[in-house]
Amino acid sequence: MPIPVNCPCGTGSPYEICCGMYHNNPGSAPTAETLMRSRYTAFAIGNFDYIAATQKLQDEPDQSGSDIQDSNEHTQWIKLEINATEEGLEKDKKGMVAFSAHFKEGKHIGRLSERSNFKKEQGQWFYVSGEHEILKNTPLINSEAMKIGRNDPCLCGSGKKFKKCCAVD
């Protein structure tokens, strides 16, 4: 997938000065929320090696970027919402970020809600676990931030017009 101009993580900042900085330098995210946003963006643009490099899963310690790609290649990530954070600041050793991520798979839309747990080791944040729920065929809530015209660029960052991308039934 091409690199979007605006970062898919929802900050409104250009990709290169937002999550792109962390993708180019894995291990540099200063907070758990920043790492979570950069991981979401990596999923959205298909940077699965970054996902593998920024996690330490007990269940699957050797999960590779290609393993992650195999289970995510048909998912198009549309929108990220941060619901809550606990700890996870620069001086903390652990943190939690609760979020909702809206996605599209084929003609179906859904929402992944998760409480992600992070830990910091030797100055680097890692995703370690999460409790999630996937709701399929959920309505995508159109907040003021998501108002988009048919000819506007799609919010998912694909580079296509909205009418040719996420608006397609």
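The values are calculated or read from the model by the stated rules, or taken from the named source; none is laboratory data. Predicted, not measured: the structure shown is a model, and the values here were computed from it. Just so you know, the surface numbers come from the protein's heavy atoms only, side chains and all, with ligands and any DNA or RNA stripped out. Shrake-Rupley method; radii C 1.70, N 1.55, O 1.52, S 1.80 Å.
List of remarks:
- In order along the range 9-14, the Karplus-derived 3J(HN,Hα) couplings, from 6.51 cos²θ - 1.76 cosθ + 1.60 at θ = phi - 60°, round to 6, x, 6, x, 8, x Hz, and Gly and Pro are given as x.
- Entries of 120/164; 94/161; 136/164; 120/161 with Cα pairs more than 30 Å apart: 120/164; 94/161; 120/161
- Counting only protein chain heavy atoms and rolling a 1.4 Å probe, the accessible areas of 78, 109 rank, largest first, as 109, 78.
- Stokes-Einstein D in µm²/s, Kirkwood radius over Cα pairs - the range 3-84 at 4 °C with 1.567 mPa s viscosity: 100
- Centre separation in Å (Cα based) which lies between the range 77-124 and the range 22-38: 12
- Residue 130 long-range amide H proximity, modeled H, under 5 Å: 117
- Proximity of backbone amide H atoms, modeled 1.01 Å from N, is registered between residue 28 and no other residue at under 5 Å, excluding neighbours fewer than 5 places apart on the same chain.
- Between residue 85 and 98, the built amide H atoms are under 5 Å apart, and every one of these is 5 or more places off in sequence or on another chain.
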